[in-house]
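**Student:** Have a look at the structure that comes next, please.
The values are calculated or read from the model by the stated rules, or taken from the named source; none is laboratory data. Keep in mind that what you see is a predicted model, and the values were worked out from it rather than measured. As a convention, Cβ positions derive from the backbone with ideal geometry for all residues, glycine included, and neighbour counts pool all protein chains shown. Just so you know, the surface numbers come from the protein's heavy atoms only, side chains and all, with ligands and any DNA or RNA stripped out. Shrake-Rupley method; radii C 1.70, N 1.55, O 1.52, S 1.80 Å.
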Amino acid sequence: MAKLTTIQAGDLLVYPWKNGRPGHIALVVTNTNLIVGYGDAAADRALQWVGKGIYGLGKGGLKPGRAGPLDKEGKCDCSGFVTWAWGVPRYDGENWHNTSFIYADARGKQEFYQLVEPDVDFAKLDIVHCHGPSPSARRPKPPPAISKGTGLLWKKKNGIVCRPRLTNS
């Protein structure tokens, strides 16, 4: 397996659950080196949903063929969002493709996700992700869950970059 060193649109930024704190995952939408790659379609799908949705842990992304990542209540979480963008089920009949599984696979077997080892500042990447807060009594109408930002949070959390192995690059 060739070592990947260039970030492409569609690559994933991820850090796992640690010490009881939840992990998080995002999809890179900037194509840093102007490489046309398979992940461009995933990035395009993700960008269409910016400003939409309600965060719900364990929600959304279960049917990758649907027109959108949200469940019938309009909810989704980060793993459901990125797996939907890639058009793959978040549960493959054996594995739940959540942040911890994706991180562990990329750092281990790389059966589903190949580690990318770039020399780039994550804070300079444009990303799209699905995040909280969830609706609550104190915040019955939280801001939209899907937003565009930078990879600064992943830099702070010592995150990694990986690429779904359904690509040939």
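**Student:** Per residue of segment 68-77, in order, report the coupling 6.51 cos²θ - 1.76 cosθ + 1.60 (Karplus, θ = phi - 60°) as ³J(HN,Hα) in whole Hz, putting x for Gly and Pro.
**Tutor:** x, x, 7, 7, 5, 8, x, 10, 7, 10
**Student:** Taking a probe of 1.4 Å, how large is the accessible area per residue of the chain, in Å²? Intermediate values should be presented prior to the final figure.
**Tutor:** On the way: 8960 Å² over 169 residues.
Result: 53 Å² of accessible area for each residue.
**Student:** Starting at the first residue of segment 148-158, write each ³J(HN,Hα) from the Karplus equation 6.51 cos²θ - 1.76 cosθ + 1.60 with θ = phi - 60°, in whole Hz, x for Gly and Pro.
**Tutor:** Those phi angles translate into 9, x, 10, x, 4, 4, 5, 5, 5, 8, 6 Hz.
**Student:** Pulled fully out, how much extra length does the chain show between LYS156 and LEU62, if you take 0.36 nm times their separation in residues and subtract their Cα-Cα distance?
**Tutor:** Working: separation 94, 0.36 × 94 = 33.84 nm, distance 2.96 nm.
Full extension from LYS156 to LEU62 adds 30.9 nm.
**Student:** Per residue Cα convex hull volume for segment 1-152, in cubic angstrom?
**Tutor:** Values: hull volume 19.3 nm³, N = 152.
Taking only Cα atoms, segment 1-152 has a hull volume of 127 Å³ per residue.
**Student:** First select every other residue whose beta carbon is under 11 angstrom from the beta carbon of VAL29; then total the charges, Lys and Arg +1, Asp and Glu -1.
**Tutor:** Numbers: positive: ARG45, LYS148; negative: ASP11, ASP40, ASP44, ASP126.
That sum, taken over residues with Cβ under 11 Å, equals -2.
**Student:** Would you please classify the overall shape of segment 90-169 from the alpha carbon gyration tensor, given that a ≥ b ≥ c denote the square roots of the eigenvalues, rounded means a/c under 1.5, and beyond that prolate means a/b larger than b/c while oblate covers the rest? Walk me through the numbers on the way to the answer.
**Tutor:** Details: a/c = 2.46, a/b = 1.40, b/c = 1.75.
Verdict is oblate for segment 90-169.
**Student:** By the scheme Lys and Arg +1, Asp and Glu -1, what is the net charge of all other residues having a beta-carbon under 14 Å from that of VAL88? Walk me through the numbers on the way to the answer.
**Tutor:** Details: positive: ARG45, LYS63, ARG66, ARG90, ARG163, ARG165; negative: ASP92, GLU94, ASP105, GLU111.
Summing Lys/Arg as +1 and Asp/Glu as -1 gives +2.
**Student:** Share of segment 45-169's accessible area from carbon and sulfur, percent, 1.4 Å?
**Tutor:** Values: 3370 of 6690 Å².
Answer for segment 45-169 is 50 percent, counting heavy atoms of protein chains only.
**Student:** Using just the helices of the chain, give the 222 nm mean residue ellipticity in deg cm²/dmol: DSSP H runs with n ≥ 4 each add -39,500 (n - 2.57), and the total is spread over all residues, rounded to 500. Write out the running numbers ahead of the final one.
**Tutor:** Working: 4 runs with 32 residues, N = 169.
Result for the chain: -5000 deg cm²/dmol, rounded to the nearest 500.
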